[in-house]
């Protein structure tokens, strides 16, 4: 972004575009895999049926979605794929299981086994993660934000997130939101927070979603976060 500066350091509303929202959704989906949960390496461990998000955020995994790029009749263990509600009504409804992790706790496989090749063992992985769209256009999300930042790119998301606590701090770039509309470009700033707290701060989801590849695939609209820490100038 030629001529882009740094935003002022503050806590403010943030709109994540579809690509950035998909990156976060992919991380969340990984943290909902039973293997990570059973090892205690997930901020969602031990939180089944607890409130983990606002009601504006809903997430499911659907390995048979007709539009999903990662759809298939069966998973890597031959278990039929299915739709699994993960976060609904603000509460954590289920984890993702393969046969091994399901047997460890007397659960049923969600058809979520995958493998990178025929020589590798199956492991738990999301297929088609879907963040439920809302009713606002992008312009509506920006208007609802009022003053804040529109984030269009993040760097180092994997290395910038603690897989146990969900605490993150990552580099970002995007545009200033001023008077409810996009203004000048900004770059070389960080956004920071904690995944569960961020989900609780989701104020609205956009109406238009698109598929983004991310260790499977993610369909998500842009998301309005009521408040997020920005570190710039």
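Quick notes on this structure:
- Members of region 59-93 that are over 20 Å from residue 206 (Cβ atoms) and assigned to a strand (DSSP E or B): 61, 74, 80, 83, 84, 85, 91, 92
- Matching entry among 188, 184, 227 (being in contact with a strand residue (DSSP E or B) (Cβ under 8 Å, 6 or more places away or on another chain), in a strand (DSSP E or B) and at positive phi): 188
- Residue match in region 148-163 (condition: at pLDDT 95 or above, crowded, with 16+ Cβ neighbours inside 10 Å, in contact with a helix residue (DSSP H, G or I) (Cβ under 9 Å, 6 or more places away or on another chain) and farther than 15 Å from residue 15 by Cα): no
- Hey, residue 133 surrounded by fewer than 19 Cβ atoms within 10 Å (Cβ to Cβ) and over 18 Å from residue 231 (Cα atoms) or not: yes
- Within the option set 27, 48, 16, being touching a residue at least 24 places away in the same chain (Cβ under 8 Å), surrounded by 16 or more Cβ atoms within 10 Å (Cβ to Cβ) and under 27 Å from residue 98 (Cβ atoms) holds for one residue only, 27.
- With respect to the conditions (1) under 17 Å from the mean Cα position of the chain (by Cα); (2) in a loop (DSSP other than H, G, I, E, B); (3) more than 30 Å from residue 188 (Cβ to Cβ), residue 158 falls short on a single one, namely (3).
- Flag for residue 126 being under 22 Å from residue 24 (Cα atoms), surrounded by fewer than 20 Cβ atoms within 10 Å (Cβ to Cβ), in contact (Cβ under 8 Å) with a residue 40 or more places away in the chain and in contact with a strand residue (DSSP E or B) (Cβ under 7 Å, 6 or more places away or on another chain): no
- Lone qualifier among 119, 175 - being without any contact (Cβ under 8 Å) to a residue 40 or more places away in the chain and assigned to a strand (DSSP E or B): 175
- Any hit, region 21-30, residues being in a strand (DSSP E or B) and within 18 Å of the chain's Cα centre (by Cα): no
- Residue match in region 172-191 (condition: within 22 Å of residue 41 (Cα to Cα) and surrounded by fewer than 18 Cβ atoms within 10 Å (Cβ to Cβ)): no
- Answer residue from region 203-223, given it is more than 13 Å from the chain's Cα centre (by Cα) and part of a strand (DSSP E or B) and is surrounded by the fewest Cβ atoms within 10 Å (Cβ to Cβ) among those: 210
The values are calculated or read from the model by the stated rules, or taken from the named source; none is laboratory data. Just so we're clear, the structure is a prediction, and the values are computed from it rather than from any experiment. We place every Cβ from the backbone using ideal geometry, glycine too, and count neighbours over all the protein chains shown.
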